[in-house]
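Student: Here's a structure for you.
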Amino acid sequence: MTSTTPESETDSSASTKKPAGRGRRIAVALILLLASVLLLGTAADVWVKRQVLSTPKWVAASDKILANPKVQDALATYIVDEIYSNVDVQKELAEKLPEGWKGIAGPIAAGIRTPATSAVDKILSSDQVAKIWHTVNEKAHQTLVNVLEDKTKIGSTKDGKVTLDVGEIVRIVGTDLGLPSSVMDKVPSNVGQITIFESSSLATIQKAVKVLNILGPVLFVVIVALYSLAVWLARGRRRLTLRNVGWSIIVVGILLITIRRVTGNYVESIISNAQYSVAGKIIFGILSELLFDTAWVLISWGAIIVAGMLIIGPSRIAVWARRTVAPLFNAEPIIFWVSAAVLYLLVLFFVPSPALRLWWSVIIIGIVVALGLEFLRRRSIVEFPEAHLDIELDGVKESVSKSWSSVKSRFAHNSSGDHVEQLQKLSELHSSGALSDEEFAAAKAKLLG
């Protein structure tokens, strides 16, 4: 069977059915487009719920943010700026300098600003600061979630803000830099208050979160239904339509990656202070890692669908590929499935795809691939009945049995050798008088037992 029907033609399996008309093809295309748009929104919903609104995930990402050197540099600059803005460093230095030298307090204060920023970098790497950073991020994010999900009036959209309070870190840094505690105690309580969201923007986001919470669970079912409807309507072109479903999922994944990159560049551009713009982009990148992973999960799923539809198609390359692997597909089921399982495990270990790091995704892909392989195996037996793999199952079993017996005997030999050596040592200790007759008999019985 060497059909060379062009890929653009109708499915060979449905050649006896009348192909879908032009109107139905347009309807199928529109359904695919609608399903893809909804899939894009659902992917964003997954990111919002599992990372943006998940305090544990947010805090874990925040810990990762603080560990980034560029973020540490930006935070160090911010903290030193806050200290210099709220503490008269020149005056503090002048009070410590002897008479006649007080005039150089100003140049010294300016000169130590850059070294102080470098020193703060090291302070930010300490466990003490890491714990405080973890705590303030957890508190700020929980407040944000409560506001967005309308669970509390704290930080309300009417007259409040959601802030990240790093004031304690500012005070620790000031003390470690040598400023007296009495001076740091005078620093205003609002120092180190980093505004995450203004009240004016919270109302809009709050409404969006409510919509996502309502539509999120429904959208997934709707998307699957729409894709299924498109395939069902495409009479005579169902394989090609299912292939297009795969391509549409891939396109959605690529769009997510593009949106993430464009948004990261936008975040960098809207931060007026160049010292913080790079850090802002890095922070967004870390906080949107789940969006990136979701995109690659979709790309992986789409690629599997596309590959499956291409391999069962009538093109010359597809027929050649099926003929090439036919001996393996036509082999004994146990040989085929063991080989497939080993290959899947190798893919799991060596292919660094986010789709293969999620247990549920691994199970779904495994089930889909297994069903596809079983379909191809049955088709191969009919399509290429003469193809065989020159491997006798009985011979394989016999070889495995011999190998196992060899390993067992080797271990048994090593074990018996150890026993003989230990018995010899016991005999020597007994002969030298180190062991009494009773001790020797007890040790020997324990060893042989």
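The values are calculated or read from the model by the stated rules, or taken from the named source; none is laboratory data. Treat the numbers as computed from the prediction; the structure is a model and nothing was measured. Using ideal geometry, Cβ is built from the backbone for each residue, glycine included, and neighbour counts are taken over all protein chains shown. Each accessible area value is taken on the protein alone, full model and side chains, heavy atoms only, with ligands, DNA and RNA left out. Shrake-Rupley method; radii C 1.70, N 1.55, O 1.52, S 1.80 Å.
Student: Which one of these does R243 not meet: (1) in contact with a Leu (Cβ under 8 Å, 6 or more places away or on another chain); (2) under 23 Å from R357 (Cα atoms); (3) in contact (Cβ under 8 Å) with a residue 60 or more places away in the chain?
Tutor: Every condition holds for R243 apart from (2).
Student: Identify, from the list A387, A370, the residue that is among the hydrophobic types (A, V, I, L, M, F, W, C), open to solvent by less than 40 Å² (accessible area, probe 1.4 Å) and in a helix (DSSP H, G or I).
Tutor: Only one candidate qualifies: A370.
Student: Please determine, by comparing only the residues of the stretch 352-362 that are part of a helix (DSSP H, G or I) and in contact (Cβ under 8 Å) with a residue 12 or more places away in the chain, which one is nearest to E386 (Cα to Cα).
Tutor: The first filter runs over the stretch 352-362 and keeps only residues part of a helix (DSSP H, G or I), leaving 354-356, 359-362.
Restricting the remaining residues to those that are in contact (Cβ under 8 Å) with a residue 12 or more places away in the chain gives 354-356, 361-362.
Values: P354: 40, A355: 37, L356: 36, S361: 37, V362: 34 Å.
Once the filter is applied, the top-ranked residue is V362.
Student: Please verify whether the stretch 300-310 includes one or more residues that are over 29 Å from the mean Cα position of the chain (by Cα) and surrounded by 18 or more Cβ atoms within 10 Å (Cβ to Cβ).
Tutor: no
Student: Looking at (1) modelled with pLDDT under 90; (2) of a type in the set (A, V, I, L, M, F, W, C); (3) open to solvent by less than 80 Å² (accessible area, probe 1.4 Å); (4) more than 26 Å from the chain's Cα centre (by Cα), which one does I334 not meet, given that it meets all the others?
Tutor: Against the list (1) modelled with pLDDT under 90; (2) of a type in the set (A, V, I, L, M, F, W, C); (3) open to solvent by less than 80 Å² (accessible area, probe 1.4 Å); (4) more than 26 Å from the chain's Cα centre (by Cα), I334 comes up short only on (3).
Student: Going residue by residue through the stretch 287-305, is there one that turns out to be farther than 30 Å from G236 by Cα, in contact with a Lys or Arg (Cβ under 9 Å, 6 or more places away or on another chain), of a type outside the set (D, E) and free of Cβ contacts under 8 Å to residues at least 12 places away in the same chain?
Tutor: no
Student: Related question: Out of (1) part of a helix (DSSP H, G or I); (2) modelled with pLDDT under 80, what's the single condition that is false for V245?
Tutor: Looking at each condition in turn, V245 falls short on (2).
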